[in-house]
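The values are calculated or read from the model by the stated rules, or taken from the named source; none is laboratory data. Small disclaimer: the values here were computed from a predicted structure and weren't measured. Note that each Cβ is placed from the backbone with ideal geometry, even for glycine, and that neighbours are counted across all protein chains shown. These area figures cover heavy atoms from the full protein model, side chains too; ligands, DNA and RNA do not enter into them. Shrake-Rupley method; radii C 1.70, N 1.55, O 1.52, S 1.80 Å.
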Amino acid sequence: MVERFPDAGGQRQFSRAARDCHMTQPAFSRRIRALETWLGVDLFDRSTHPVTLTDAGEWFRGVAEEITSRVARVPDEARAVADASSSTLRFVATHALSLTFLPTWLRGLESQAPIGPIQLVSDVMPQCESLMLQGRAQFMLCHAHPHLPVRLPESDFTSTEVGTDVLIPVVAATPQGKPRHTLSRRGRARVPLLAYTPESGLGRIVRDQRQVALDAAGAEPVFTAHLATVLKSMALDGRGIAWLPRSLMQDELAAGRLVDAGGEDWHLPLAIRLFRHRAAGAASAEAFWRAVIARRASR
């Protein structure tokens, strides 16, 4: 109706306009009436023969032309939006890796192959897994341990190792450079522990691999948070022992502000893995995955 509206006034005859719209003249007239009712104004002066457009009708003809022109551009604009979306890499990553590993890793990849725009969501592990399962992200970067699988079905997802890390129990140093608290399986004093919430992927690993030993060492949670950066701040403040990835505290370890609270027996080697859907994705995502695999093969 909007597309044919100018013809009705231009030809001055509803019958001819109706034929152009491939409908009967009564049906065409009903649609004109319905349009006028919706607008609340008369678009045609029916007291003249042939009919003429009212001032409101002249105005609406311009509006109709704008509408039809806008509609004609919609397919091209939709394709442009789709192209932009398909070229954007959608990442989810745990907080600790978003702050430390990811920027340097991407910079290394960019030195070998061009990488397009990236959309990153940084969150706790369960939420990252949910976004992948919902198909709202193409890649997930996280710490992983062989005895604690990620909750993504192997039938639908694959992964590759892109780096390594290690979880270390650390504590603030005394003025003499000694740990303020230590972990000992023979210790009797309660040891203040800065713990992760159940939503934390790192906490999941610590609980699975070291909870029995922590209980035996008398570790007692005095503060809980799901961000490793928060636990690092509390450890630096001398509040207790925190399990932190080495990648997050290299400067603090080098400066002696944080020190090992337990020795190598307490260390937990970790992999840093990149997960993706097994099904083929957008061309940009496939090109990125090939660059990741090629870089790993060249190491």
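Observations on the model:
- Candidate set from region 196-228 (those that are within 26 Å of Pro175 (Cβ to Cβ) and at pLDDT 95 or above); member that is most open to solvent (accessible area, probe 1.4 Å): Val222
- Candidate set from region 42-74 (those that are acidic (Asp, Glu) and part of a helix (DSSP H, G or I)); member that is surrounded by the most Cβ atoms within 10 Å (Cβ to Cβ): Glu65
- Residue count for region 107-122, restricted to those that are under 19 Å from Ala144 (Cα atoms) and part of a helix (DSSP H, G or I): 0
- Every residue from region 268-282 that is open to solvent by less than 50 Å² (accessible area, probe 1.4 Å) and part of a loop (DSSP other than H, G, I, E, B): Gly281, Ala282
- Selection count where residues are outside any loop (DSSP other than H, G, I, E, B) and open to solvent by less than 40 Å² (accessible area, probe 1.4 Å), scope region 159-181: 13
- Pairs meeting the criteria (first residue in region 36-56 and modelled with pLDDT of 90 or more, second residue surrounded by fewer than 17 Cβ atoms within 10 Å (Cβ to Cβ) and assigned to a helix (DSSP H, G or I), beta carbons under 6 Å, at least 6 apart or on different chains) are Val41/Ala56.
- Scanning region 243-255 for residues that are under 21 Å from Ala93 (Cα atoms) and either in contact (Cβ under 8 Å) with a residue 24 or more places away in the chain or open to solvent by less than 20 Å² (accessible area, probe 1.4 Å) (or both) yields Trp243, Leu244, Pro245, Arg246, Ser247, Leu248, Met249.
- Residues (open to solvent by 40 Å² or more (accessible area, probe 1.4 Å) and either in contact (Cβ under 8 Å) with a residue 60 or more places away in the chain or small (Gly, Ala, Ser) (or both)) located in region 256-267: Arg257, Asp260
- When region 24-41 is filtered for residues that are within 51 Å of the chain's Cα centre (by Cα) and either polar (S, T, N, Q) or part of a loop (DSSP other than H, G, I, E, B) (or both), the ones remaining, listed by number, are Thr37, Gly40, Val41.
- Within region 129-153, the set of residues being touching a residue at least 60 places away in the same chain (Cβ under 8 Å) and either in a helix (DSSP H, G or I) or of a type outside the set (A, V, I, L, M) (or both) comprises Met132, Gly135, Gln138, Phe139, Cys142, His143, His145, Pro146, His147.
- In region 137-149, the residue that is surrounded by the fewest Cβ atoms within 10 Å (Cβ to Cβ) out of those that are at pLDDT 90 or above and of a type outside the set (Gly, Ala, Ser) is His145.
- Just one of the numbered conditions (1) farther than 30 Å from Glu129 by Cα; (2) out of contact with any strand residue (DSSP E or B) (no Cβ under 8 Å at 6 or more places or on another chain) is not true of Arg239: (2).
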